[in-house]
């Protein structure tokens, strides 16, 4: 069955938005380390039957470059995931989703710092505008909070999650071609499991496992849903769409994550969408569009000047 790439690009943000909603719903019941480990265990159980033979054939390249697989697992599958679950323990799902919209900006900045990738003047302006938007949300649009540097710790965890994903994306862009494309995803999930396991063990030792007694059917369903929708189906939809559309085209659809999260958070969690989200969100989205469509805007300007001449 052939599904339009644009439909897949709408489904991926919808599934990713469930990460914040489910994380918020189980916050305080299932620890973030356990939730992170369980989500990737479920994902690998789903996909391993389809990739097992090919992984065995490609094992030499993965064993040769195992430190890189662990880096992918650490940044893209552990810190990013655990950071998001920690974030919604202390802040709203809406706040976390808007801060997550900063991902393309963080990616551009990390690429510039570590790989000296060029950033145009328009992209610099876009980065600044987006950062102002994030700061507006972090400090709830209140000048007194800005002056006192009063920030929600959950928003801080979400920023760490965003930076971790930016590092992952940058390293993947530069080094990912070393690995066979069709088995890279399951290999990175396995890397995420290996990195998550020590944290899960330490978490169990220091905080105990009494939380297991508090689980009921809805919590088990939540764990299963996180493993299926934001972990497996979102990535499947996204990667399938990228086979036929450009990354810049796809990047625009990422802006739907806070939109879906806001709507579902209001309807399901009863969270409030307040005016500072409007201002901050518009600034973030404007900056992201400028950063991810820099070449498009420059071409339009050249066409305009050429027409005037």
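Here are a few things to note about the model shown:
- Region 171-190 - residue that is in a helix (DSSP H, G or I) and more than 15 Å from residue 52 (Cα to Cα) and, of those, farthest from the chain's Cα centre (by Cα): 178
- Restricting 57, 8 to those that are surrounded by fewer than 16 Cβ atoms within 10 Å (Cβ to Cβ), more than 22 Å from residue 280 (Cα to Cα) and either in contact (Cβ under 8 Å) with a residue 12 or more places away in the chain or over 17 Å from the mean Cα position of the chain (by Cα) (or both) reduces the list to 57.
- Within region 16-62, tally of residues that are under 24 Å from residue 182 (Cα atoms) and part of a helix (DSSP H, G or I): 27
Yes/no matrix, rows are residues, columns are (1) modelled with pLDDT of 75 or more; (2) in a loop (DSSP other than H, G, I, E, B); (3) more than 19 Å from the chain's Cα centre (by Cα); (4) surrounded by 14 or more Cβ atoms within 10 Å (Cβ to Cβ):
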| residue | (1), (2), (3), (4) |
| --- | --- |
| 245 | yes, yes, yes, yes |
| 260 | yes, no, no, yes |
| 273 | yes, yes, yes, yes |
| 281 | yes, no, no, yes |
| 298 | no, no, yes, no |
| 302 | no, no, yes, no |
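- Number of the exception - residue 234 against (1) farther than 20 Å from residue 107 by Cα; (2) at pLDDT 85 or above: (1)
- Residues considered: 69, 110. Of these, the only one that is more than 16 Å from the chain's Cα centre (by Cα) and assigned to a helix (DSSP H, G or I) is 69.
- The sole residue among 160, 137 that is assigned to a helix (DSSP H, G or I) and modelled with pLDDT under 85 is 137.
- Every listed requirement among (1) within 25 Å of residue 108 (Cα to Cα); (2) over 19 Å from the mean Cα position of the chain (by Cα); (3) at pLDDT 85 or above is met by residue 210 save one, (1).
- Verdict on residue 196 being within 18 Å of residue 40 (Cα to Cα) and modelled with pLDDT of 90 or more: yes
For (1) farther than 16 Å from residue 171 by Cβ; (2) crowded, with 24+ Cβ neighbours inside 10 Å, each residue gets a yes or a no:
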position: 41; (1), (2): yes, no
position: 65; (1), (2): no, no
position: 88; (1), (2): yes, yes
position: 97; (1), (2): yes, yes
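The values are calculated or read from the model by the stated rules, or taken from the named source; none is laboratory data. None of these values were measured; they are calculated from a predicted model. Virtual Cβ from ideal backbone geometry, glycine too; neighbours counted across all protein chains shown.
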